[in-house]
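Please treat every number below as a calculation from the coordinates, not as lab data. This one's a predicted model, so the numbers in the text were calculated from it and none came from an experiment. Glycine also receives a Cβ, built like all others from the backbone with ideal geometry; neighbour counts cover every protein chain displayed.
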Amino acid sequence: MRVLVTGGAGYIGSHMVKLLGERGYEVLTYDNLSTGHDWAVLYGRLVVGDLAYKDKLREVFGEFKPDAVMHFAAYIVVPESVREPLKYYRNNVVNTINLLEVMEEFGVDKFIFSSSAAVYGIPEKIPVSEGAPLNPINPYGETKATVERILRDLSNSGKDFRYVSLRYFNVAGADPEGKIGFAYPNPTHLIIRAVKTAKGEFERLEIYGTDYPTPDGTCIRDYIHVVDLADAHIVALEYLLEGGQSDVFNCGYGHGYSVKEVVETVKRVTGRDFKVVEAPRREGDPPVLVADSKKIRERLGWEPKYDDLKFIVKTAWEWEVKGRG
């Protein structure tokens, strides 16, 4: 089977390409390298191109003839999405439409979408299930929710098109073999920011808000290892290949850790102390965001292997120490 992976040179996409290659899929990565890296593509071919250019996409589809598409090529930084909403709508929505139109032209009818728990905004009930209302509170979340609605409508249009949308919670960690990992210079996600601070790249780590209604006053999040997330895409792909209908699934472990718990775990795993500073809350941060992941476990048989915060931090740290991150 041939799988085209957009954004396959990025953090999550590169782990996906590696797992697809190891499982025997023929894979092609399509990436503009705006945040990705050519060295991170370990299997198949890399085509450097942008989803804005449909002629380039048509060329690739005509030559590679994919059976399915996995779509990771999105901008993901929430504060930037607030400052530059048009940039996010153009790339995350308009460029996705370009991709879907080319898929339709070439008769490619299976699509796996990289979505986000940001579509829920601040959920009323925790753990949050797939049936919760979509109520994003920033442009990034809005772009993901908009694409999900487009996919739903396309699937319901009578055309031969089926999709799985995977709503990620907090993705972290790195390839346990140490071949690839997070490689952005200025990360915003807590675990990678903390290990980079332990490494000495940042002077201090800021904790945003210590007065939340949680046991230690800091936000609680559901952290998922990037390899377990990639494996969720494999089971989703197999589901579609076996004739499964369009659906949406949460990707998380179903329990969370507070910011302070993560910081203490990073200090223990790395053996390094570092400066931690309390800062004001960030607007729109829910106190608790934890996935109800029963649906993907029961319907698709997803069985995560790395549900262990220490292991997540350990793989992230080992990758950082190598120096390429």
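Here's how it looks for VAL276: its modeled amide H is under 5 Å from those of LEU205, which are all 5 or more places away or on a different chain. Treat each spin label as a single point 7 Å out from the Cα along the C-beta direction, and report the VAL276 to LYS199 distance in nm. Output for this residue pair reads 2.0 nm.
Counting only Cβ charges, +1 for Lys and Arg and -1 for Asp and Glu, the dipole size of the chain around its Cα centre is about 460 debye. Values of log10 I(q)/I(0) for the range 1-146 across q = 0.14 Å⁻¹ run -0.68, by the Debye formula with one identical scatterer at each alpha carbon and no solvent.
Expressed as a whole percent, how much of the Cα-Cα distance distribution for the chain exceeds 39 Å? Cα-Cα pairs of the chain separated by over 39 Å account for 9 percent. Calculated mean residue ellipticity, 222 nm, the chain: -11500 deg cm²/dmol, from DSSP H runs (n ≥ 4) at -39500 (n - 2.57) each, averaged per residue and rounded to 500. Dipole orientation for the chain: of the candidates ILE234, GLY284, THR6, GLY284 has the Cα lying most toward the positive pole (charges on Cβ; Lys, Arg +1; Asp, Glu -1). In terms of other Cβ atoms within 10 Å, TRP39, TRP317 run from fewest to most in the order TRP39, TRP317. Phi angles of the range 81-96 translate, via the Karplus equation with coefficients 6.51, -1.76, 1.60 and θ = phi - 60°, into HN-Hα couplings of 5, 5, 6, 10, x, 5, 4, 6, 5, 5, 6, 6, 10, 4, 5, 5 Hz per residue; Gly and Pro are given as x.
P(r) tail for the range 94-136, what percent of Cα pairs lie past 13 Å? Everything past 13 Å amounts to 63 percent. Note on the chain: dipole from Cβ charges, positive end direction compared against ALA194, PHE61, GLY252; the farthest Cα belongs to ALA194. Highest mean first, the peptides 93-101, 106-114 sorted by other C-beta atoms within 10 Å per residue fall in the order 106-114, 93-101.
Karplus-derived 3J(HN,Hα) values for the range 301-310, using 6.51 cos²θ - 1.76 cosθ + 1.60 with θ = phi - 60°, are x, 5, 10, x, 9, 10, 7, 7, 4, 4 Hz; glycine and proline are entered as x. The angle separating the long axis of helix 190-199 from the principal Cα axis of greatest extent in the chain is about 60 degrees. Along its first, second and third principal axes, ordered by size, the range 152-247 spans 55, 38, 22 Å in Cα coordinates. Here's how it looks for VAL171: its modeled amide H is under 5 Å from those of ILE224, which are all 5 or more places away or on a different chain. With θ taken as phi - 60° and the Karplus curve 6.51 cos²θ - 1.76 cosθ + 1.60 applied, the whole-hertz 3J(HN,Hα) list for the range 130-139 is 4, x, 5, x, 7, 9, x, 10, 8, x Hz, x standing for glycine and proline.
Add +1 for every Lys or Arg and -1 for every Asp or Glu among the other residues with Cβ under 10 Å from the Cβ of ASN95, and state the total. Overall, the nearby charge balance is +1.
Taking 0.36 nm per residue of separation and subtracting the current Cα-Cα distance, fully stretching the chain between GLN245 and GLU206 would add 9.7 nm. Going by the alpha-carbon gyration tensor, a ≥ b ≥ c the square roots of its eigenvalues, is the range 79-184 rounded (a/c under 1.5) or, if a/c is not under 1.5, prolate (a/b greater than b/c) versus oblate? Rounded. Positive contributions from Lys and Arg (+1) and negative ones from Asp and Glu (-1), summed over other residues with Cβ under 14 Å from the Cβ of PRO280, come out at -3.
Residues whose amide H comes within less than 5 Å of that of SER116, counting only those at least five positions distant or on another chain, are TYR168 (H built at 1.01 Å from N in the peptide plane). When VAL48, VAL226 are arranged by Cβ crowding within 10 Å, least crowded first, meaning fewest neighbours, the order is VAL48, VAL226.
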